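To start, the structure itself, in structure tokens.
Here, each number is a calculation from the coordinates, and none is a lab measurement. What you are looking at is a predicted structure, and each value in this text was computed from that prediction instead of being measured. Here the Cβ positions follow ideal geometry from the backbone for every residue, glycine too, while neighbour counts run over all protein chains shown.
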Amino acid sequence: MAEARRMRAVELFEQGRSHAQIAGMLGVRPESVRRWKRQWEQGGATGRAPKLDDAQVEKVRAALEQGAQAHGFEAESWTLERVGLVVERGTGVKPARASVRRLLTGRLGWSQQRPQRRAVERDESEIARWVTHEWPRIKRGQ
């Protein structure tokens with residue numbers, strides 16, 4: 001959200017809007033708008049520079065692609081905490097939870113996945129039989 005606000009401010013800078021107008025439109029303080037404009041004029045960046053450079057991000061990507069168990073975790077699923085530990089071990093940078101989420105979804109292009117939880121005892125053929133034979137009988141009231 002903050003990044004989108006800063007990008008919108010850049011569009012408004014380019015339209016020639018005043019600091020006060022931009023601040024009012026975006027619901028921020030004029031000091032923030034002045035700081036964003038100064039950063040934009042100095043090189044185009046409007047936000048804080050990322051803590052990880054591109055080489056470090058690629059190092060993290062390679063580590064994550066090895067799988068969670070390769071890094072000593074019992075299950076093969078990644079959590080934000082686990083990814084944060086891998087980032088810290090591999091780069092020396094201890095990221096905040098929100099930074100880990102941005103790294104995964106933004107710079108690495110990964111999406112959030114949730115494993116489907118199913119009972120180990122689940123019997124697909126018995127479920128199919130019940131749906132085709134038992135459920136219609138129950139539905140008819142017999």
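Against the main long axis of the alpha-carbon atoms of the chain, helix 54-65 sits at an angle near 10°.
Dipole magnitude for the chain: computed about the Cα centre from +1 point charges on Lys and Arg Cβ and -1 point charges on Asp and Glu Cβ, it is near 700 debye. Distance distribution P(r), the chain, all Cα-Cα pairs, bin width 5 angstrom from 0: 2, 8, 13, 12, 9, 9, 9, 8, 7, 6, 5, 4, 4, 3, 1, 0 percent. Rg ratio for the range 2-43: its Cα radius of gyration over 2.2 N^0.38 Å, N being its residue count, equals 0.98. Of the GluC sites (Glu not before Pro) found in the range 49-102, those that fall in a DSSP loop while having at most 14 other beta-carbon atoms within 10 Å are 74, 76.
Expressed as an acute angle from 0 to 90° and rounded to the nearest 10, what is the orientation of the C-alpha long axis of helix 30-43 relative to the principal long axis of the chain? Result, in degrees: 90.
In straight-distance terms, cross-link reach from residue 37 covers every one of the lysines whose alpha-carbon lies under 24 Å from its own, apart from those fewer than eight places away in the same chain; here that gives 51. In whole Å, how far is the Cα centre of the range 1-27 from that of the range 73-98? Cα centroid of the range 1-27 versus Cα centroid of the range 73-98: 35 Å apart.
Per-residue packing, averaged as other Cβ atoms within 10 Å, sorts the ranges 92-99, 34-41 into the order 34-41, 92-99, beginning with the highest.
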